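This report concerns only the one structure given below.
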Amino acid sequence: MAATGSEKQGGDGVNSFYVSTPIYYVNDAPHLGHAYTTVAGDVLTRWHRQRGEKVWYLTGTDEHGQKIMRTAEANNVTPQAWCDKLVEEAWKPLWEHLNIANDDFIRTTEKRHTDRVQEFVQDLFDKDQIYKGGYEGPYCVGCEEYKLPGDLIEAEDGTKLCPIHKKPVELLKEENYFFKLSEYGPKLMEFYAANPDFIQPESARNEIVNFVKQGLQDLSISRSTFDWGVPVPWDPKHVIYVWIDALLNYATAVGYGANQEKFDGTFPANVHLIGKDILRFHSVIWPAMLMAQGLPLPGKVVANGWLMVGGEKMSKSNLTGIKPQDLTSHFGVDAYRWYFLRAIAYGSDGSFSWEDFSARYTSELANDYGNLASRVAAMVGKYFDGALPEATAAGDAERAVQEGLARAVATADARIGEELDFQGGILAIFDFVKQVNGYITEQEPWKVAKDTSPEGQARLAAILYTAAESLRGVAVLLNSVMPDTSQKLWDSLGAEASLGALADQRVQDAGRWGQLPAGATVTKGAVLFPRLEEKPA
Ligand code: MSP
């Protein structure tokens, strides 16, 4: 049985937890849908870094193929010039803006990629896995994919349309090179059976198992009617099919054929994050390509649902003009990172609405979380001159909060770190925030403060210590989702001086009670979630 992501062998004995996003087509600027997958990967990888693991987070751009070529032509520039411009002016700046901590950014026009793609394909040819043949069929340039007749939908006038792009397909007839994909059906079925978690969610797995069960056709892996691609090494009149080129980024970016030590300690990916539209490529074609080379297979392919607008998959044409920056300028980057993962169960489709975002921002971020942080800092300032008091009078109510934090840590770690249930993890953390708010409401520290007896003051100290120490845990738990906010909270708790950098706090240790030392300097820092301005017209 082929190995999966957990069985890689790094030279130094330490293997990376390797996560990838799809590499995005640069025919246009990024939209909310692209950012959704990339933010999810960023949260997942930050979470694993916060566990102390070695991590590799890869993203990049898919720059070859007919779609890009046509876009460049329509704009009167060369495809390379078009790609360079979009990458430098739109894609990389957005990831920086959204605070994405990727370890590498691969472009499929880079030599480190194209050379290795040629080697890989030549190798398959030498192993007799590729042959020359003819093909005729409907092609969707939006998907860059030959469609099966049964996949198509019909317009009212009978025109055959791509079910994803809702645009007419083009009938193509070409002499191409073919990969013997059909031979891999039984091996793939065996692999899916032995690795029930390989494709997630369950609905995606079922779709693929049913698809492969019906038998696979060989795959056309070259195109000869245009030249914007990587030349087929033994027949340069052909270029390598853009999807074969693109999938190989997951290998070339981590040293395939170039840096064996890096490759062995990183490849294969533990998690390929993708949208459900590109499931067959990642869970059928990609594993078959790896099987053909005897390379290990990825740990998981996890498909997210679509962000929808007006009941349709959000895309360039129906975006109604919303860019990620239009939302971040209003709600802030951290709230943006939080919102989509909080509001939509990962794996399901979800709609975006400005009203829903505003309502959740105000109730969950500003009122529940932001106010808690500012009230606690204000009370430590007012009653203890900003020096965190020692908790000597802790009782049942305090123990319940301590247990709440431990529970939040365990649940969030399982949901986010293992199950990629970002919504479930975030909810567990915010349930704890609500618990702490409830605790403060019940304990009424502002009333206890009026009791100047030593018992009264000890009680007040216990309440405020409990609240501040809870926030210490929350800052660590939310660091992967909202890193800037967590840092502000960390600073306001005076935690850096005694506990060190926020990034060095381990998730596994976040539930251990009593880490903030008495005497820590608590300051009322910046407001975590400022009141929202009026919605722009
Ligand atoms: N270039 C290929 C991927 C190659 S990976 C080896 C591609 N690019 S894409 O830019 O068209 O889309 C990439 C991904 O963007 C989708 O699979 C999905 O992850 C994300 N999304 C694009 N639109 C989306 C939504 N409306 N909603 C959620 N994600 C969507 O396909």
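The values are calculated or read from the model by the stated rules, or taken from the named source; none is laboratory data. Note that the coordinates shown come from a computational prediction; the quantities given were computed from them, not determined experimentally. Glycine gets a Cβ as well: all are built from the backbone with ideal geometry, and neighbour counts include every protein chain shown. Side chains are part of the model used for accessible areas, which takes the heavy atoms of the whole protein and leaves out ligands, DNA and RNA. Shrake-Rupley method; radii C 1.70, N 1.55, O 1.52, S 1.80 Å.
Farthest toward the positive end of the dipole of the chain, out of Leu86, Cys162, Trp228, is the Cα of Leu86, where the dipole comes from beta carbon charges about the Cα centre. Please return the longest stretch of the chain lacking exposed loop sites, where chymotrypsin sites (Phe, Trp or Tyr not before Pro) count only if DSSP places them in a loop and at most 16 other Cβ atoms lie within 10 Å. Within the chain, the longest run free of exposed chymotrypsin sites (Phe, Trp or Tyr not before Pro) spans 235-537.
Within 10 Å, at most 12 other Cβ atoms, and a DSSP state outside H, G, I, E, B define an exposed site. Report the longest part of the chain free of exposed GluC sites (Glu not before Pro). With GluC sites (Glu not before Pro) excluded where exposed in loops, the chain gives 157-532 as its longest stretch. Setting aside same-chain residues fewer than 8 positions from Lys524, which lysines have a Cα under 26 Å from its Cα? Within the straight-line limit of under 26 Å, Lys524 reaches these lysines: Lys382, Lys434, Lys447, Lys450, Lys488. Taking region 378-416 and a reference point 7 angstrom along Cα→Cβ of Thr452, the backbone N atoms nearer than 16 Å belong to 383-385. In straight-distance terms, cross-link reach from Lys237 covers every one of the lysines whose alpha-carbon lies under 17 Å from its own, apart from those fewer than eight places away in the same chain; here that gives Lys132, Lys173.
With N as its number of residues, region 355-509 has a Cα radius of gyration that, divided by 2.2 N^0.38 Å, comes to 1.04. Let me know the longest stretch in the chain that avoids all trypsin sites (Lys or Arg not before Pro) found in a DSSP loop with at most 13 other C-beta atoms within 10 Å. Within the chain, the longest run free of exposed trypsin sites (Lys or Arg not before Pro) spans 238-449. For the chain, the alpha-carbon coordinates run over 91, 55, 40 Å along the three principal axes, in decreasing order. Aspartates and glutamates within cross-link reach of Lys167: Cα-Cα under 17 Å, excluding same-chain residues under 8 positions apart? List returned: Glu144, Glu145, Asp151, Glu154, Glu156, Asp157, Asp277, Glu312. For the chain, the residue among Leu279, Ser480, Phe17 whose Cα projects farthest onto the positive side of the dipole built from Cβ charges is Ser480.
In this simple spin-label approximation, Lys323 and Thr159 carry label points 7 Å from Cα along the Cα→Cβ vector, and these lie 3.0 nm apart. Protein heavy-atom accessible surface, 1.4 Å probe, per residue over the chain: 40 Å².
One Cα centroid belongs to region 162-199, the other to region 377-418; the line between them spans 51 Å. For Lys213 and Ala406, a Förster radius of 41 Å and the Cβ-Cβ distance give a FRET efficiency of 0.35, rounded to the nearest 0.05.
Positive contributions from Lys and Arg (+1) and negative ones from Asp and Glu (-1), summed over other residues with Cβ under 14 Å from the Cβ of Arg223, come out at -4. Using a 4.7 Å Cβ-Cβ cutoff, the cysteines of the chain lacking any partner cysteine are Cys83. Taking one quarter of the surface of the C-alpha convex hull of region 493-537 gives a mean projected area of 5.2 nm². Stretching Leu152 away from Lys166 to a fully extended chain increases their span by 4.1 nm, per 0.36 nm per residue minus the current alpha-carbon distance. Counted as membrane-span-like here are DSSP H helices of the chain whose alpha-carbon atoms extend 20 Å or more along the helix's own axis and whose Kyte-Doolittle mean is -1.0 or above; these are 32-50, 396-412, 422-443, 454-477. For a test of the definition: using alpha carbon positions, the gyration tensor, and the 1.5 limit on a/c, classify region 1-134 as rounded, prolate or oblate. The shape class here is oblate. Rounded if a/c is under 1.5, else prolate if a/b beats b/c, else oblate: with a ≥ b ≥ c from the C-alpha gyration tensor eigenvalues square-rooted, which is region 74-206? Verdict is rounded for region 74-206.
For region 483-523 and region 31-82, what is the centre-to-centre distance using only Cα atoms, to the nearest Å? With region 483-523 and region 31-82 each reduced to a Cα centre, they are spaced 33 Å. Can you pull the percent of the chain's accessible area that's carbon plus sulfur, 1.4 Å probe, other chains left in place? Whole-percent figure for carbon plus sulfur exposure: 50. A Cβ-based charge dipole, computed about the Cα centre of region 354-510 with Lys and Arg at +1 and Asp and Glu at -1, lands at about 380 debye.
For the chain, a simple Cβ point-charge model (Lys and Arg +1, Asp and Glu -1, everything else neutral) yields a dipole of about 480 debye relative to the Cα centre. Secondary-structure-derived ellipticity at 222 nm for the chain, considering helices only, amounts to -12500 deg cm²/dmol, per-run term -39500 (n - 2.57) for DSSP H runs with n ≥ 4. Rounded to 0.05, the FRET efficiency of the Ala501 and Ala193 pair, given R0 = 51 Å and the Cβ-Cβ distance, is 0.70.
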